[in-house]
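The values are calculated or read from the model by the stated rules, or taken from the named source; none is laboratory data. Being a predicted model, the structure only gives us computed values, none of them experimental. As a convention, Cβ positions derive from the backbone with ideal geometry for all residues, glycine included, and neighbour counts pool all protein chains shown. These accessible areas exclude ligands, DNA and RNA; they are computed on the full protein's heavy atoms, side chains included. Shrake-Rupley method; radii C 1.70, N 1.55, O 1.52, S 1.80 Å.
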Amino acid sequence: MDSQLDMFGITPASLPASPKSRPVRLKAQELKPLHELDMVRQLEETGRYRILRKLIPREVCANPRPGFPRIGVIIDTETTGLNKAEDAVIEIGAIAFRFDDRGVVGDLIEVYGALQDPGFPIPANITELTGIDDAMVKGQSIDFHVLEALIKPADLIIAHNAAFDRPYCERLSPAFADKAWACSNSEIDWKARGFEGSKLGYLITQSGYFHDGHRAVDDCFALLEVLLQPGVNGITPFSELYNASQRDRVRLWAMHSPFDKKDLLKARGYRWSGGEGAEPKAWWTEVDATALDAEMRYLETEIYNRTDIDLMARRLTAVERFKG
């Protein structure tokens, strides 16, 4: 090193002395902590960060605004498993809100949540998923007077997987049986709204929030927030869902369809029915009633290759859909 410095006529002794490092002391009045919102704004403006905000549940309004005559109820259940005939509800959550005929939401009017002792041990995988264990539900029960009073005036019940929640709810109480149901998972075109998936976890994260998932009331509040996100042309997800619930659907069974066409049917969204109850053993789908003729033409040309097909079809309103 010395020889290299000498080549340029510089020796270590001739180098200027480094000034002593002194700590910089700021006066108290110069210390201006950033407000939380300013920190969030600065991070987001860089384009390198995306901030998730903790979901704060909306408050119940003691004096709801006029002009929202209808009542919607979001329902979520936690159960001991997926077998609707044998498994049991261990928690239910319900939040009620008002809305109008355009699907515009007014105020939150009621919240109810309760644990329920199933009468047998909760499987370990369910405790791991939900955080609900045997000690938490011991001696706990749903107050059906409160729950049914919340459900009975409802014009629409919403669940994120109505085909799962409705059968469990109907086993709990007959108050659920004659209600119109809507499924926020299957009856909203989330992909067209820019979401990557339809699971509640995806939806709440892409809406900019995080929450304590897999607890019934928390999931209800999360779903409400997602349903109220701004939409294309001012149509919120809830407006889309409500409008969908007002249209009749047709369940159509492709009975005796050729075996080699099953992949085409699956790709089109058909599901297999094993013939439980009064349903035939066949591939089936649900379409909007206005799309039935087009679906029949598809089956004639792409599946059966003939026009004289006679298939089983059932027209369904929101009151009849999603039953077990």
Of everything in region 188-203 that's within 23 Å of D288 (Cβ to Cβ) and of a type in the set (D, E, K, R), which residue is surrounded by the fewest Cβ atoms within 10 Å (Cβ to Cβ)?
-> K191
Note: among E240, E286, E225, E276, just one is assigned to a strand (DSSP E or B), acidic (D, E) and closer than 28 Å to D76 by Cβ, namely E286
Would a scan of region 258-272 turn up a residue that is over 24 Å from F99 (Cα atoms), touching a helix residue (DSSP H, G or I) at 6+ places or on another chain (Cβ under 7 Å) and free of Cβ contacts under 8 Å to residues at least 24 places away in the same chain?
-> no
Across region 250-302, what is the total count of residues that are among the aliphatic types (A, V, I, L, M), surrounded by 12 or more Cβ atoms within 10 Å (Cβ to Cβ) and over 22 Å from A163 (Cβ atoms)?
-> 3
Residue among G103, G119 that alone is farther than 18 Å from K152 by Cβ, open to solvent by less than 40 Å² (accessible area, probe 1.4 Å) and in contact (Cβ under 8 Å) with a residue 12 or more places away in the chain | G103
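Which members of region 64-95 meet the condition of being at pLDDT below 95 and either touching an Asp or Glu at 6+ places or on another chain (Cβ under 9 Å) or exposed (fewer than 15 other Cβ atoms within 10 Å of the Cβ) (or both)?
L82, N83, A85, E86
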So the strands (runs of 3 or more DSSP E) completely within region 104-193 holding 1 or more residues that are within 18 Å of the chain's Cα centre (by Cα), among the small types (G, A, S) and more than 22 Å from A62 (Cβ to Cβ) are 156-159, 181-183
Determine whether S141 is hydroxyl-bearing (S, T, Y) and closer than 22 Å to L224 by Cβ.
-> no
Matching option when the condition is out of contact with any strand residue (DSSP E or B) (no Cβ under 8 Å at 6 or more places or on another chain) and buried (at least 20 other Cβ atoms within 10 Å of the Cβ), among V226, V217 = V226
Go through region 194-211 and give me each residue that's within 16 Å of I75 (Cα to Cα) and part of a loop (DSSP other than H, G, I, E, B).
-> K199
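Is it the case, given these coordinates, that I126 is assigned by the TED database to the domain that holds D219, surrounded by 15 or more Cβ atoms within 10 Å (Cβ to Cβ) and under 23 Å from Y242 (Cβ atoms)? I'd like the intermediate steps shown before the answer.
Working: assigned by the TED database to the domain that holds D219: yes; surrounded by 15 or more Cβ atoms within 10 Å (Cβ to Cβ): yes; under 23 Å from Y242 (Cβ atoms): no.
Against the criterion (assigned by the TED database to the domain that holds D219, surrounded by 15 or more Cβ atoms within 10 Å (Cβ to Cβ) and under 23 Å from Y242 (Cβ atoms)), I126 does not qualify.
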For V319, the lone unmet condition from (1) loosely packed, with under 11 Cβ neighbours inside 10 Å; (2) out of contact with any helix residue (DSSP H, G or I) (no Cβ under 8 Å at 6 or more places or on another chain); (3) part of a loop (DSSP other than H, G, I, E, B) is (1)
